[in-house]
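No lab work stands behind these numbers, since they all come straight from the coordinates. Quantities reported herein were computed from a predicted structural model and do not represent experimental measurements. Here the Cβ positions follow ideal geometry from the backbone for every residue, glycine too, while neighbour counts run over all protein chains shown.
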Amino acid sequence: MNPVLQNKLEEALREYEAMEMDVAESFKWPRDKAIRFGELSKVKVLFDEYTSASDSRKKDIEIKLGEMMGIGGGGEKNKAIMEIRAGVGGDEAALFAGNLLRMYQSFVQKRGWEFLFIDESKNDLGGIKEVTAEIRGKNVYDLLKQESGVHRIQRIPVTEKSGRIHTSTASVAVLPIAEETEFEIKDSDLEVTFSRAGGPGGQNVNKVETAVRILHKPSGIVISSRAERSQQKNRERAMEVLRAKLLDEKLRKEEEIVKKDRKEQIGTADRSEKIRTYNFLQDRITDHRINESWHNIKEILNGNMDDIIDAFHKV
């Protein structure tokens, strides 16, 4: 194992063991400490697997541990999958999902990164039902991974005629793109269908079956890709998303094992938790995990997210 990685790993495991001794009092922990314990639990699960893994599997685990420790040789994830879905709130939730999409697009553009659509579904008002995209940029996954979770908005919607405040939600998932070596996906486990993509893009997109839909039969995961102009490119994009989802599912199952063993439900920044509230009347965004707030919502929704990103890297 890389000596730098080994030293980092030893430090993380010592921190984990110290926190584990106090786990019975975890209900009293501040939110940031609970999140940290969840992160260290993932490291412990991977390390336990490493000790009994084959040599080829150990190399894969070392890469993953390097990513989690934030060091070279796998320490930077320069590509990530982002999914945004409208949640509770009907049309207003879809409009909010659209706000989040434009916020991340603007942030990516300001950073000089790439934002590539894979699949997108809109409602009649132009809001986003769901969207899947790939983001490419230096260390993008590490910088955006804390965006995963349920985002909540409180405002008077444009669709509201009586002036009532509505609360709506949208969920965000940011997933690292897994390498092909991390998963063996058998062709026999896939059901692949093709269709016309529709929408803008010229005659080729509208008349040729370039859109791809992949069903992974063992997991039931369904991925669609229609943004590219060729069937092969859409298939490659869909397979990237599938690998990312399978990696995410694997890690979440390993987390559940850790939780179950300790019979404690520790907060781990799981994306089912409400992580952030956007209160328009008070012009305030509050992140509930680190208990910090920022003002000037419009500027932040225009992609000026640096203060939020920086806050998480100081925790």
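State the percent of C-alpha pairs, over all pairs in region 3-69, separated by a distance greater than 19 angstrom.
Summing the P(r) tail past 19 Å for region 3-69 gives 35 percent.
Tell me the label-point distance for the pair Leu281, Asp306, using the 7 Å Cα-to-Cβ offset, in nm and rounded to one decimal.
According to this spin-label approximation, the distance is 3.3 nm.
Rounded to whole Å and sorted largest first, list the principal axis extents of the Cα atoms in region 1-137.
53, 38, 28
Any idea how far apart Asp55 and Thr167 come out in nm if each label point goes 7 Å out from Cα toward Cβ?
Distance between label points: 5.7 nm.
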